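The values are calculated or read from the model by the stated rules, or taken from the named source; none is laboratory data. The shown structure was predicted, so the numbers you read here are calculated from the model rather than taken from an experiment. No Cβ is skipped: glycine too gets one built from the backbone with ideal geometry, and neighbour counts run over all protein chains shown. Only protein heavy atoms, including side chains, enter the accessible area calculation; ligands, DNA and RNA are left aside. Shrake-Rupley method; radii C 1.70, N 1.55, O 1.52, S 1.80 Å.
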Amino acid sequence: FVASTGKPGSGTATGTYSVLSKFPNAYASTWDLQMPYFMGIYWSGSLQNGIHALPILSNGQTLWAGYLGTPVSFGCIILSSANAQALYYWADVGTPVIIRY
């Protein structure tokens, strides 16, 4: 899958993790956005970074549309809606996740 990771200064941590949580549509109050097909994979302070579809702002606009493949996130791994949905339904809590560049 083509993915976007964290932008410089808020990069996505490399390492070996596992799926910690799954939410069909998680809400990120820090940025006031929805994260469809969210799978949390590691803690970054008090927040979980994860894998999810392109975020949706409160006005309904899709954030970062057209930027997949470019580091743009706040640390999460961003996929297209179709790819995020497929991965969400394939992976269970506990599924290993390896992040490397």
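Of all residues in region 50-62, those satisfying the criterion of being part of a loop (DSSP other than H, G, I, E, B) and within 28 Å of Thr16 (Cβ to Cβ) are Leu54, Pro55.
Every residue, every condition in (1) in contact with a Phe, Trp or Tyr (Cβ under 8 Å, 6 or more places away or on another chain); (2) surrounded by 15 or more Cβ atoms within 10 Å (Cβ to Cβ), yes or no:
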site: Ala28; (1), (2): no, yes
site: Gly45; (1), (2): no, no
site: Gly50; (1), (2): yes, yes
site: Gln61; (1), (2): no, no
site: Ala65; (1), (2): no, no
site: Gly69; (1), (2): no, no
site: Asn83; (1), (2): yes, yes
site: Tyr88; (1), (2): yes, yes
site: Val97; (1), (2): yes, yes
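Among the residues making up region 1-26, those that are open to solvent by 20 Å² or more (accessible area, probe 1.4 Å), under 19 Å from Asn83 (Cα atoms) and hydroxyl-bearing (Ser, Thr, Tyr) are Thr5, Ser18. Just so you know, in region 71-81 the residues that are out of contact with any Pro (no Cβ under 8 Å at 6 or more places or on another chain) and not in a strand (DSSP E or B) include one that is surrounded by the fewest Cβ atoms within 10 Å (Cβ to Cβ), and it is Ser80. Within region 10-21, residues that are more than 17 Å from Phe74 (Cβ to Cβ) and touching a residue at least 12 places away in the same chain (Cβ under 8 Å) have Cβ atoms under 6 Å from residues that are open to solvent by 40 Å² or more (accessible area, probe 1.4 Å) and not small (Gly, Ala, Ser) in these pairs: Thr16/Ile98; Ser18/Pro96; Val19/Val93, counting only partners at least 6 apart in sequence or on another chain. Determine whether Gly40 is surrounded by 17 or more Cβ atoms within 10 Å (Cβ to Cβ) and outside any strand (DSSP E or B). For Gly40, the condition - surrounded by 17 or more Cβ atoms within 10 Å (Cβ to Cβ) and outside any strand (DSSP E or B) - is not met.
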